[in-house]
2 protein chains.
Amino acid sequence: MRVINFNPGPAGLPLPALERARDELLDFQGSGMSIMEHSHRGKDYEAVHFEAIALLTRLLGIPDSHTVVFSTGGASMQFGMIPTNFLRPTAAAQYVLTGGWSEKALDEAKIVGQARIAATTRNNDGTYTRVPTQAEVKFDTNSAYAHTTSNNTLFGTQFHDFLDTGPVPHVCDMSSDFLWRPFDVSKFALTYAGAQKNLGPSGVVVIVAKKEFLASGRKDIPKVFRYQTHAEADSMYNTPPTLAIYLVRNVLAWMEKEGGLPAMEKRNRAKADAIYNCLDSLSDFYRAPVEKASRSTMNVVFRLPSEALDTEFVADAKKAGMVGLKGHRLTGGIRASIYNAVSERDVQTLVEFMKSFAKSKG
Amino acid sequence: MRVINFNPGPAGLPLPALERARDELLDFQGSGMSIMEHSHRGKDYEAVHFEAIALLTRLLGIPDSHTVVFSTGGASMQFGMIPTNFLRPTAAAQYVLTGGWSEKALDEAKIVGQARIAATTRNNDGTYTRVPTQAEVKFDTNSAYAHTTSNNTLFGTQFHDFLDTGPVPHVCDMSSDFLWRPFDVSKFALTYAGAQKNLGPSGVVVIVAKKEFLASGRKDIPKVFRYQTHAEADSMYNTPPTLAIYLVRNVLAWMEKEGGLPAMEKRNRAKADAIYNCLDSLSDFYRAPVEKASRSTMNVVFRLPSEALDTEFVADAKKAGMVGLKGHRLTGGIRASIYNAVSERDVQTLVEFMKSFAKSKG
């Protein structure tokens, strides 16, 4: 029996996308072999590859100015690759810090060249409980790029309005909330997302970037490091992670069938509202540390009156068929990650459990 | 019905490894979720991860001086990462060229720093039909490393005796013949292999390296670029490609059950002998361009009397249930890739087909 999966990533995937993979795992569309046994240069895999790109292009309404690139190594690899491609001796990058991931991204950039903090909402105790407002950030117009993180998985914060970086190319790590809703791709120079939240298994990173920006990247770095190399080759410069891209294709096809990103947004807002409303109505028992305007629709973090109760909550939830609720080891508490594959019904089950747990222990 | 798969990579995988994946794709060991939906920090995935490492350690007899690292981006990514980690202003790298892949590796190293050709067996027409002998290569003892390619997938050449690089750290791209037989790991500073030949799906690279060598890598490069970072973190510095590593685990478990690398070697030699013997006994019809001492046990390349017959051969073989036999677009002709998952029986079917084709068309 399948459990209800609130894992922060790798995370639960839509059952139809997995069933499709299972049903044809030994014999892809009558070809007599698994999709992972097909040559990446053969027509069977190519059809999957370009369907994944076409689905993403339709779902997001990606304009001709932008393109899709598949990469590997997770978002962490992009933390190194982005400054390697785009930093110049004459232009620094600017990082907006909203959690541990953006700190890591900044640290990598500093090794490559000049990188500065454009804004940070770090609290004295090292936590982050909100994202900055536009007024708090000033971007130096002479920058190579400005880097933001749309959602912080760990602290449960999210930008509901993206920052306006003006003439500075906006690079955004969307790993933990990519495709939770539609967004205006044309506003970004480069967005990237490790697949293992809303998109598929770990092992592939989806990049949506402005062609002109990719072409502006450095040429004095290894060819395989250049985003432009992969963009020009339709992500077939070398063997791509074919099985992972196939699974992303399955997930994207599921999203389209379910009504696309407007439907995802509607569901995700309803799911997040249900949990936050529960937290707010039971605020004597549950504490939600994130400021309301910065609350994440993907990762809802909260605490119970004691660590012992946190532990009991996780254990009892598991008995009720819900897993992945333990908060990150750095923060403790509870975290419910409610990516696209988590249904409204799953969330309703959690909310009922939260109410009954508060009632019996509060 | 499954076909006989002679693809050069991504390639056929052992059926039991795939069946195991299919049977538990929606529910891994009663956990109620797919292995790809498990957290990489959870005990279920961790057990798989460390079992993969333990299996590889047992199969190869990896000594304590060496360690296993999982990477991504294919062998091509390592072409960039190796010089980025190990080149120094004071020490060049030396590359032995035996085909297009080693040329690519050299080109990337030249962008990063100093890299020279230690030996090349390139023919005037750009092809390679043999690997160099030890006498043809002289390694400058002051080098950062010497780079070789154990098997050339495209031209079908292979080192049967590895070159002795003396005191120079030996870095070897084993992508297309890793685990075809046992080898003495202690002789190498670093070996690497994209999984999509003998090991699993594309999307993960297996590295076996000397701990001391990894620790000697540069520290002035992004943390995520450093092999040492991943070695120290047991390849869990960031989210690894969990599904790909799980499949590698399944393939390694199959190898061990089948008798390990001595059994693989015995089968692979018998398979290669069967095809080469057929080619030699029908040398009026089939031409095998590679010098005998350099013939690959993994990729057998040959030509028929005309391109038209090459095409007919591929088409007729397909009708007989055998796919992936078309030679690389740069070389033309026929290529039978006979990695570990291709059985002796599969090869016997091919040999019978070759005999009958020669008889009817010769």
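Points to keep in mind about this one:
- Hits in region B:325-362 - residues which are open to solvent by 10 Å² or more (accessible area, probe 1.4 Å), closer than 24 Å to B:Gly126 by Cβ and touching a residue at least 60 places away in the same chain (Cβ under 8 Å): B:His328, B:Leu330, B:Thr331, B:Arg335
- Complete set of residues in region A:71-94 that are among the β-branched types (Val, Ile, Thr) and surrounded by 23 or more Cβ atoms within 10 Å (Cβ to Cβ): A:Thr72, A:Ile82, A:Thr84
- Looking across region B:112-132, the residues that are over 19 Å from B:Gly156 (Cβ atoms) and either surrounded by 23 or more Cβ atoms within 10 Å (Cβ to Cβ) or in contact (Cβ under 8 Å) with a residue 24 or more places away in the chain (or both) come down to B:Val112, B:Gly113, B:Gln114, B:Ala115, B:Arg116, B:Ala118.
- Listed conditions (1) open to solvent by 50 Å² or more (accessible area, probe 1.4 Å); (2) within 30 Å of B:Ile245 (Cα to Cα) are all met by B:Ile62, apart from (1).
- For B:Asp107: the one exception among (1) touching a residue at least 40 places away in the same chain (Cβ under 8 Å); (2) under 22 Å from B:Thr165 (Cα atoms): (1)
- Here B:Thr57 clears all of (1) among the hydroxyl-bearing types (Ser, Thr, Tyr); (2) away from chain A (no Cβ under 11 Å); (3) under 28 Å from A:Asn340 (Cβ atoms) except the condition numbered (3).
- Some residue of region B:38-53 being over 28 Å from A:Arg329 (Cα atoms) and either charged (D, E, K, R) or facing another protein chain (nearest Cβ under 10 Å) (or both): no
- Residue pairs meeting the criteria (Cβ under 6 Å; at least 6 apart or on separate chains; first at positive phi, in region A:214-237; second of a type in the set (A, V, I, L, M) and surrounded by 19 or more Cβ atoms within 10 Å (Cβ to Cβ)): A:Ser235/A:Val69
- Boolean, B:Arg41 is over 28 Å from B:Met174 (Cα atoms), among the charged types (D, E, K, R) and either more than 22 Å from the chain's Cα centre (by Cα) or surrounded by fewer than 21 Cβ atoms within 10 Å (Cβ to Cβ) (or both): yes
- Within region A:209-236, being surrounded by 17 or more Cβ atoms within 10 Å (Cβ to Cβ) and either closer than 19 Å to B:Gly203 by Cα or outside the structural domain of A:Ala52 (by TED's automatic domain parsing) (or both) holds for A:Lys223, A:Val224, A:Phe225, A:Arg226, A:Tyr227, A:Thr229, A:His230, A:Ala231, A:Ser235.
- Taking first residues from region A:296-320 that are more than 30 Å from A:Phe159 (Cα to Cα) and assigned by TED's automatic domain parsing to the domain that holds A:Ala270 and partners that are open to solvent by 10 Å² or more (accessible area, probe 1.4 Å) and in a helix (DSSP H, G or I), the Cβ contacts under 9 Å between residues at least 6 apart in sequence or on separate chains come to A:Leu309/A:Lys361; A:Glu312/A:Lys361; A:Asp316/A:Phe353; A:Ala320/A:Thr349; A:Ala320/A:Phe353.
- Enumeration of residues in region B:287-298 that are surrounded by 14 or more Cβ atoms within 10 Å (Cβ to Cβ) and assigned to a loop (DSSP other than H, G, I, E, B): B:Ala288, B:Pro289, B:Val290, B:Ser296, B:Thr297, B:Met298
- Here B:Ser281 passes the criteria (1) within 14 Å of chain A (Cβ to nearest Cβ); (2) without any contact (Cβ under 8 Å) to a residue 24 or more places away in the chain except the one numbered (1).
- Here B:Ser31 meets each of (1) open to solvent by 10 Å² or more (accessible area, probe 1.4 Å); (2) touching a Phe, Trp or Tyr at 6+ places or on another chain (Cβ under 6 Å) with one exception, condition (2).
- Picking from residues in region B:95-104 that are part of a helix (DSSP H, G or I) and free of Cβ contacts under 8 Å to residues at least 60 places away in the same chain, the one that is least open to solvent (accessible area, probe 1.4 Å) is B:Glu103.
- Residues (under 22 Å from A:Phe6 (Cα atoms) and either in contact (Cβ under 8 Å) with a residue 60 or more places away in the chain or within 7 Å of another protein chain (Cβ to nearest Cβ) (or both)) located in region B:1-37: B:Leu25, B:Leu26, B:Asp27, B:Gly32, B:Met33, B:Ser34, B:Ile35, B:Met36, B:Glu37
- Being part of a helix (DSSP H, G or I), in contact with a strand residue (DSSP E or B) (Cβ under 6 Å, 6 or more places away or on another chain) and within 25 Å of B:Pro14 (Cβ to Cβ) is a property that does not hold for B:Val301.
- Within region A:304-351, the residues that satisfy the criterion of being in a loop (DSSP other than H, G, I, E, B), small (Gly, Ala, Ser) and over 19 Å from the mean Cα position of the chain (by Cα) are A:Ser306, A:Ala320, A:Gly321, A:Gly332, A:Gly333.
- Residue within region A:261-281 that is more than 25 Å from the chain's Cα centre (by Cα), open to solvent by 20 Å² or more (accessible area, probe 1.4 Å) and modelled with pLDDT of 95 or more present: yes
The values are calculated or read from the model by the stated rules, or taken from the named source; none is laboratory data. Being a predicted model, the structure only gives us computed values, none of them experimental. With ideal geometry, Cβ positions are generated from the backbone for all residues, glycine too; neighbour counts draw on all protein chains shown. When the accessible area is computed, the model is the full protein with side chains, heavy atoms only, and any ligands, DNA or RNA have been set aside. Shrake-Rupley method; radii C 1.70, N 1.55, O 1.52, S 1.80 Å.
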